[in-house]
Each structure stands twice: as structure tokens, then as C-alpha cells.
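Trainee: First, the structure itself, so that you have it in front of you.
What follows draws every value from the coordinates through simple rules; no lab data is involved. Predicted, not measured: the structure shown is a model, and the values here were computed from it. Counting neighbours? That spans all protein chains shown, and the Cβs are built from the backbone with ideal geometry, glycine included.
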Amino acid sequence: MDIQKIGIIGAGQMGNGIAHVMSLAGYDVLLNDVNEDALAQAMARIDKNMERQVSRDKISTTDKAAAIGRIITTSALPDLGETDLVIEAATEKEVVKQAIFDSLLPHLQPHTILTSNTSSISITRLASRTDRPEKFMGFHFMNPVPVMQLVELIRGIATDAETFDACKKVVDRLGKTAASAEDFPAFIVNRILMPMINEAVYTLYEGVGNVESIDSSMRLGANHPMGPLELADFIGLDTCLAIMNVLHDGLADTKYRPCPLLTKYVEAGWLGRKTQRGFYDYRGETPVPTR
């Protein structure tokens, strides 16, 4: 099928990034969020990020103006019924995602493909609650979306070949690379990445090293661009904990048990950059380790 109009649910960090790349690739975008302020902030962020691309000669001012013009915002979920492809990028909570799909289904066209940007939740389970499990799949972008080159495409047990091919063509048009993943907890990237971050938190919890020594060891000793605790703050500690819980519950293996210190930080509301405190304190001019 020919996808021309794309609906995106959720105008947060992931949603506005997806809208950004889709509009630059020539797709008409309908960006939805229940919060009007979030939509305004998303458009301001998209404008700022595209302006940065203009300043670096990645895109032209004409490209930017055309892309911004292709994005329409709406707080009314039924408006997305006119789209060819829906990408849900709401919070990483299964009940929230299920409620969104339940509300959207009556308004969809028969051909519309449903996808979720979930980083860990079962695609098969989400699809089973809809009227089109064969037209449902995981469409997992990496953060930050305009920069990262990978997109995980995850088939549910019922996803048909036509749906996969249509989504693969979208990824190709974005100039990104698709990795095909099976529908097991956390898929590929987070199945490998999150246990590493969790192990780094255990290393901190057990006093093997402090925040600074753990991060510098992985940057300099393993050539990682960011240390694991710095990366956890960037992702969001609540998201890291949610994915570890999905792994632990879904695979029933103790090696995926979330570190108690990670749980404690989340309970304190120290979720990383988005709350100004996590494994680092971001309230000053430079980040300062909190442990």
C-alpha cells in the first residue's frame, strides 16, 4: 500500500522526533496529544531542531518551511482516523497504550496500519486487542530520532508481509536502517542495552565504583560515547526500570532483576535529565554526580 499520511500519538520527546523526520521525508503528519501545551512545545522543539539542521547545512530553509507546513497538530484522537499509518508514541505503560487503541479503532479506515513505538511491550498482546492484528506491528525509533539511524521493526505473531513491507518502505524513505526483530521482551537493542545499564547500577549499588568512575571506565575502556549511568539519565530512569520489569516478568530469569537502587531513584522522582536529577544533578552549570 502507498502510505502518504501518518498519524503520531504523543508529542513528547519521541513523538516530536518522529514527526520531525516524517515531515522532512515528505509525509503529511497529524501529531496528536491530549495536552495542547505539549503540542505547542513539540512544534517549538521541531522548529528549533530543524533550524539547527539548517545552520549545519543538513537541510535548506526551503526544506524546513515545507516540512513544518506538512505537520498539523490536534488534540482530538478521532482525527487520526484519516491517516494511512498510525505510530503510537505515548508513555511506556501498556494500559495507556491499550486505552488509546481502543478509543482510536472506531475511527480508522480499513487499510490503516497501526504501530507502536514501544521499547519493550509485547506487540502480539497489543495487537490482539485490536480489530486488525495482521496490520499491527512495532515501529521502534531510537532517541534522539532525527540523529539515530536505526529503527526496529517488530512483527507480532499475526503481522502480515504486506504490513511489514509497507513499514520497511517508510524506514527506507527516511534514510534510516531497519532491523527486523522478533516479538520477545525488549526486542534487540533494549534486550542488550538495559541489562548493561542495570549492571552498572548494581556496580554503583555494591560500591565497586562511584558514578564518575563507572561512566569514565566505560567511555575510555570500552569506547562508549556515553557512560551507562549518563545514558540512563538521558533515557529516563523510569523508562529503564519499566523495561527491566518487562524483561524480568516476561523471561522469568533472575539476571533481569532490577537493581534496588534504580527502583529507589525512581521512587524519589529522580528520573534523570527530565527531572534535573538522576545519577547526576543537572541543576547547575555542569552535571554533578549524586553518588
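Trainee: Wrap a convex hull around the Cα atoms of the range 3-148, take a quarter of its surface area, and give that in square nanometres.
Mentor: Computed as one quarter of the Cα hull surface, the answer is 7.9 nm².
Trainee: Let me ask something additional. For the range 138-232, what's the radius of gyration and Dmax over Cα atoms, in angstrom?
Mentor: In Å, with Rg to one decimal and Dmax whole: 16.8, 51.
Trainee: Hey, what do the phi angles of the range 111-126 turn into as Karplus ³J(HN,Hα) couplings, whole Hz, using 6.51/-1.76/1.60 and θ = phi - 60°, x for Gly and Pro?
Mentor: 8, 4, 8, 9, 9, 10, 8, 3, 9, 7, 6, 4, 5, 4, 5, 4
Trainee: Pop out the ³J(HN,Hα) list for the range 193-198 in order, Karplus 6.51 cos²θ - 1.76 cosθ + 1.60 with θ = phi - 60°, rounded to Hz; leave Gly and Pro as x.
Mentor: 6, 5, x, 5, 5, 4
Trainee: Which whole-number percentage describes the relative contact order of the range 220-278, with Cα contacts under 8 Å and a sequence gap of 6 or more?
Mentor: For the range 220-278, the relative contact order is 38 percent.
Trainee: Sort out the exposed loop GluC sites (Glu not before Pro) in the chain (DSSP loop, at most 14 other Cβ within 10 Å) and tell me the longest stretch that has none.
Mentor: Value returned for the longest uninterrupted segment is 1-181.
Trainee: So for the chain, taking the charge dipole from beta-carbon charges (+1 Lys/Arg, -1 Asp/Glu), which of GLY272, GLY15, ILE3 sits furthest toward the positive end?
Mentor: GLY272
Trainee: Let me ask another. Give the residue from GLN109, ALA242, MET196 lying farthest towards the positive end of the charge dipole for the chain; charges sit on Cβ (+1 for Lys and Arg, -1 for Asp and Glu) and the dipole is referred to the Cα centre.
Mentor: The listed residue farthest towards the positive side: MET196.
Trainee: Show me, for the range 5-14, the HN-Hα J-couplings you get by feeding each phi into the Karplus relation (A = 6.51, B = -1.76, C = 1.60, θ = phi - 60°), rounded to Hz, glycine and proline as x.
Mentor: With the stated coefficients, the range 5-14 comes to 10, 10, x, 10, 9, x, 9, x, 4, 6 Hz.
Trainee: Moving on to the next point. Would you kindly work out the equivalent ellipsoid of the chain from its C-alpha gyration tensor and give its semi-axes, the square roots of five times the eigenvalues, largest first in whole Å?
Mentor: Computed over the chain, the values are 32, 23, 17 Å.
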